[in-house]
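What follows is one structure encoded as C-alpha cells, with my remarks underneath.
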Amino acid sequence: MKLFLTTIFTTFCILINAQGINIDSLSHVDYQSLHNTEINDIWGYVDEFGNEYAVVGAEKGVSIVDVTDPQNPNEVYWHSGSESVWRDLKVNGDYAYITTEAQDGLLIIDLSPLPGGAITSTTNYFGDGGSTFWSTAHNLYIDENGYGYIFGANRDAGGVQILDLFTDPMNPVEVGSFQDWYVHDGYVRGDTMYLAHVYAGIISLVDISDKSNPVLLGTKETPSSFAHNIWPSDDGNYVFTTDEVTDAYITAYDITDPTNITEVDRIQSSPGMGIVPHNAHVLGDFLVTSYYADGVVVHDISDPYNMVEIASYDTYPGTSTSTTGCWGAYPFLPSGTLLATDIENGLFILGPDYPYAAKLEGNITNSSTGDPVQGVDVSIVGETQVSQSDLNGDYKTGVANTGVYDVVYERYAYEVETISTTLTEGDTVIQDVQLIPIPDFDFVVNVEDENGDPILDANVRIDHSDNTFDQTTNGLGVADFNLYYDDNYEVVVGKWGYITHCQNLDIDDNTGNITVVLAEGIYDDFTFDYGWSETSNAYSGDWERGVPNGEDVLGNYPNPNIDSPNDCGNYAFVTDNQPTTAGNVQGGTVTLISPVFDVTNHSDPHIYYERWFFSYHGYDPVNDTLKIMLSNGTDIVEIDKQGSVPSDFDKWIPVSTRVEDYITPTANMQLFISTSDSFATPNTTDAGFDHFIVSDGSILNTADSPIKKEDELRVYPNPFSDEFTVEGAGVAEDLILFDLNGKQMNIDVTNLGDDAVLSTVNLSPGIYILKVGDKTRKLVKQ
C-alpha cells in the first residue's frame, strides 16, 4: 500500500506542479484512484505510541491514514458511508466522531486497536430518542473536557446539541441545547462557545457554564454577512472568522468585552481574484486557513491588528471564485506535519515553516497641518496586500521575507510618496510619513427646474476614479465641491419627482460652475436612495441597493453582474449582492416596495422597468417566479411575472405596462417586486430590478434605449452581439471604445451617412465605454 500511494503522489506532482512558500510537499494520497471519491474535511489522531494519523472525510466514507512517516502515507482503515458532500470530523481520546448531511447521524469509530489491530467497533448515534432525534448535522466540535457540540442538525433551529462523550464514548448523552440561530461551525473552550451563524451572517459568544441553560453574551456581524467558521486566540482575547463567499476576508475581532465585539483587522488571499476562504485554525501565533482555490494559507497573528501572510501551499491548479479546491487544513500534529484536503485532488501531507513576519508600521500626517491622514493606501511593491491608515493616521503592514522594499503611500488629494525600506523577519520597522496635500479648486453645481427655480435637497454626485463625492443642494439650489485634479468627471443630479440627469464633463480650476435643469417625472435608476423599502421573512437573499456584484456560475449569473446599460450610474436593486449563490433567496419571500407615486398627470400612464431573474433546479412555480404587483392605494394587482425560463436568464428584460389595462390610475400608486424560495424546494433563486420610469405611452418602440439621457449617444442595440450602430457619430477617428480598465479596444468602423457601424466580433463579452468627443455611453457585449 505504501508503494502505491507514493507512486500516486509522484505522478500527481508532475501533473499540477503545486508550489509552496515556506511549506514543502512531503507526499500525497489520491482518493480518486484509491476509492473513486472526492474528499472534504480533515482532522488528526495520535495513538498511545505517538504514531500520527490523518482522519479524512470523503464523499463516500471515512479514511484513516498513518502519516507517522509523512513521506510514505499508509491507509489503515476505510469506512463506507452514505454518499454526501459534507463530512466533518473530530477526535476525542481514542474515538473519532463524524457528522454528515447524509442520514448517518453521528458516526463513532473506536481507534484504540491502532497501530497494529484491526478497527472493528463503530456505531451511529441519532440522538437520545423522541424529541432529541436527529439524523443529519453539518459540523461538530469536542472541547478539552470531552463534551461534544453538534452544529446544524436537522432538529429544532439547527443550533447546537451538547453531548456528554466522556462517560461512555460510544453512547453519547445529550446534556444541553442552544437554538437561537442555525449554527454552521463553532469552537468551545472552558465555559464559552464561539459560534458562526452562516445564514444570520453573525458570530456569537455563549456562556455554557450551565450546559443545560446556555446564555448569549454577544454577537457581531461579519464583513460579508456569511459567517462560516470561528476560532479564538490562545489567550482568548481575540477570535478569527471566515466568510464563505467570493472575495471575502479573514477577520480578527477583540472579544475582551463580549457585549462590544470590535473588528481589529481583516485580510484577503489573492485580493481581487475572488478567492473563497473556508476554515481557519489558530496555532499559537499563526492562523492556518484552507482557502479553496489558493490552498493552505498561513498568517502571522502575533499582532491581531496586523495579520501578515507568511506561508502558503497551493493544492488546486489554476484559480476559481467557487467553493472548489482546498476544504480543510489540520496543523495540530505533534510532529508539525500539516494535513490538507483538496476536494478534487486528495490529501496533501506538508512540511511547514512558520517564520514571523517582517512588519512595518507608523503614523501618517498632513505635512501642512500636522493632522493625521485617514484612508491612505499603504502598499509594498511586489506584494498583493494594501493596508490603510486609520482615523488616527496609524497604519500596519508587513511581508513574509527579509528584503529591501519600496513602500508607496497614496491618498486622493495628496502627492504620492514612495520610500525604500529594509524589512527583517521577526522585526517591526517604525516609519512615520508626511504627505503633501494637493491644492483644491471650487466647482459649483446649480440645480433648477424647467421654470428656472432652484431645487432644494437635490442629490448631486461627482464620480472620479475610485472616489465619489455626494452633496445635496441648499436653498439656492447650489452644491459646492472642492476638487483636486484637472480630469474627466461624471456628474449625476437627481431628486424623487424629477428625471435624473447625468453627464461626463472635463473639469479644471477654470470651469467654475455648471447649471443642471431637472425635468419633472417619476424616474429612479437607484443612483440615489429615494426610500424604497423591503420586507423579508427569508433566511437570505434580501433586496439591497448597490452596484451589482454577481458571479459566473457554470455560465450563468443568478444575481446580476451589471446594472441596466440604459440608465445613469451603476446601481440597481438586487437580491443577494454577494458574488456567490451561497446567499441566494432561501427559506421565504423577499419583497421590494416603491415609494408612493402619482400618475394622474399622465394622459396614458405606463410603468417601465427592467428586471433580472434566475431560478435554477426549480420545482414549485410559486417559489420560482418573480412577480410585479401594482397598487393604487385601494386595490393591488399582478401586472407582470417571470418564471424559470432559461432564455430570459443573464439579462435585463425591459417591460412597459399600461396602467389602465390593470388598475385605475391614482395619486397613490406603489410597486411591489417579490420572489421567494423555500428550504422544502431548494434551488438557486435571485432577482434584480432597475431603471424605473412612469411615462405617457410605451417607451419600448424605439431602436435605442428606453430613455435617452441628456447629451447621450444614440446607440443600438445595447446589449449587442457582434456589432452596434452609433447615430450621428461623425468620422471614425472620433470613436473610441475602452474596457473598464481604460484599455483602448481595436474595432472596425464603417460609416453609413451620418451613422457608424462598429464591428466587435473580436471582443470578449463584458462591459465597455464608448466615447465620441465629450459624450460617453456604457455598452454591454453579450
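The values are calculated or read from the model by the stated rules, or taken from the named source; none is laboratory data. Given the structure is predicted, the values throughout are model-derived calculations rather than measurements. Glycine gets a Cβ as well: all are built from the backbone with ideal geometry, and neighbour counts include every protein chain shown. Each accessible area value is taken on the protein alone, full model and side chains, heavy atoms only, with ligands, DNA and RNA left out. Shrake-Rupley method; radii C 1.70, N 1.55, O 1.52, S 1.80 Å.
Looking only at the range 201-226, which residues are touching a helix residue (DSSP H, G or I) at 6+ places or on another chain (Cβ under 9 Å), in a loop (DSSP other than H, G, I, E, B) and either among the hydroxyl-bearing types (Ser, Thr, Tyr) or at pLDDT 95 or above (or both)? Once the filter is applied, which keeps residues that are touching a helix residue (DSSP H, G or I) at 6+ places or on another chain (Cβ under 9 Å), in a loop (DSSP other than H, G, I, E, B) and either among the hydroxyl-bearing types (Ser, Thr, Tyr) or at pLDDT 95 or above (or both), the range 201-226 yields Ser224, Ser225. Within the range 53-76, the residues that satisfy the criterion of being in a strand (DSSP E or B) and open to solvent by 10 Å² or more (accessible area, probe 1.4 Å) are Asp66, Asn74, Glu75, Val76. Within the range 20-32, how many residues are surrounded by fewer than 17 Cβ atoms within 10 Å (Cβ to Cβ) and either under 14 Å from Asp342 (Cα atoms) or at pLDDT below 50 (or both)? Matching residues across the range 20-32 total 1.
The single residue among Ile699, Ile769, Ile693 that is modelled with pLDDT of 75 or more, within 22 Å of Val547 (Cβ to Cβ) and either among the charged types (D, E, K, R) or touching a Phe, Trp or Tyr at 6+ places or on another chain (Cβ under 7 Å) (or both) turns out to be Ile693. Is it the case that the range 235-248 has a residue that's without any contact (Cβ under 8 Å) to a residue 12 or more places away in the chain, closer than 28 Å to Leu89 by Cβ and open to solvent by 10 Å² or more (accessible area, probe 1.4 Å)? Within the range 235-248, one or more residues are without any contact (Cβ under 8 Å) to a residue 12 or more places away in the chain, closer than 28 Å to Leu89 by Cβ and open to solvent by 10 Å² or more (accessible area, probe 1.4 Å).
Within the range 307-365, the set of residues being in a loop (DSSP other than H, G, I, E, B), of a type in the set (Ser, Thr, Tyr) and over 22 Å from Val239 (Cα atoms) comprises Thr315, Tyr316, Thr319, Ser320, Thr321, Ser322, Thr323, Thr324, Ser335, Thr337. Among the residues of the range 506-545, the ones that are touching a Ser or Thr at 6+ places or on another chain (Cβ under 8 Å), closer than 17 Å to Asp567 by Cα and either part of a strand (DSSP E or B) or open to solvent by 40 Å² or more (accessible area, probe 1.4 Å) (or both) come to 2 in all.
What do you reckon, is Gly643 at pLDDT below 90 and among the small types (Gly, Ala, Ser)? So Gly643 passes the test. Restricting the search to strands (runs of 3 or more DSSP E) fully inside the range 92-132 and requiring at least 3 residues that are crowded, with 17+ Cβ neighbours inside 10 Å and without any contact (Cβ under 8 Å) to a residue 60 or more places away in the chain gives 95-100.
Residues in the range 236-269 that are small (Gly, Ala, Ser) and more than 20 Å from Tyr354 (Cα to Cα): Gly236, Ala248. Checked against (1) in contact (Cβ under 8 Å) with a residue 24 or more places away in the chain; (2) surrounded by fewer than 18 Cβ atoms within 10 Å (Cβ to Cβ), Gly362 passes all but condition (2). Sort out which residues of the range 651-671 are surrounded by fewer than 20 Cβ atoms within 10 Å (Cβ to Cβ) and either within 27 Å of the chain's Cα centre (by Cα) or basic (Lys, Arg) (or both), and write them in order of number. Lys651, Ile653, Arg658, listed by residue number. In the set (1) touching a Leu at 6+ places or on another chain (Cβ under 8 Å); (2) open to solvent by less than 10 Å² (accessible area, probe 1.4 Å), the condition left unmet by Asn306 is number (1).
Cβ separations smaller than 8 Å between residues 6+ apart or across chains give the following pairs from the range 577-588 residues that are farther than 18 Å from Ala248 by Cβ and modelled with pLDDT of 65 or more to residues that are in a strand (DSSP E or B) and open to solvent by 30 Å² or more (accessible area, probe 1.4 Å): Gly588/Ser536. Scanning the range 468-505 for residues that are surrounded by fewer than 13 Cβ atoms within 10 Å (Cβ to Cβ) and farther than 30 Å from Asp598 by Cβ returns Thr468, Asn482, Asp486, Asp487. Note on the range 436-498: enclosed strands (runs of 3 or more DSSP E) holding 1 or more residues that are closer than 15 Å to Asp529 by Cα and basic (Lys, Arg) are 459-464. Does at least one position in the range 172-193 carry a residue that is within 25 Å of Asp110 (Cβ to Cβ), touching a residue at least 24 places away in the same chain (Cβ under 8 Å) and in a loop (DSSP other than H, G, I, E, B)? Within the range 172-193, one or more residues are within 25 Å of Asp110 (Cβ to Cβ), touching a residue at least 24 places away in the same chain (Cβ under 8 Å) and in a loop (DSSP other than H, G, I, E, B). Taken as a whole, the condition of being without any contact (Cβ under 8 Å) to a residue 60 or more places away in the chain and within 30 Å of Ala293 (Cα to Cα) does not apply to Ser225.
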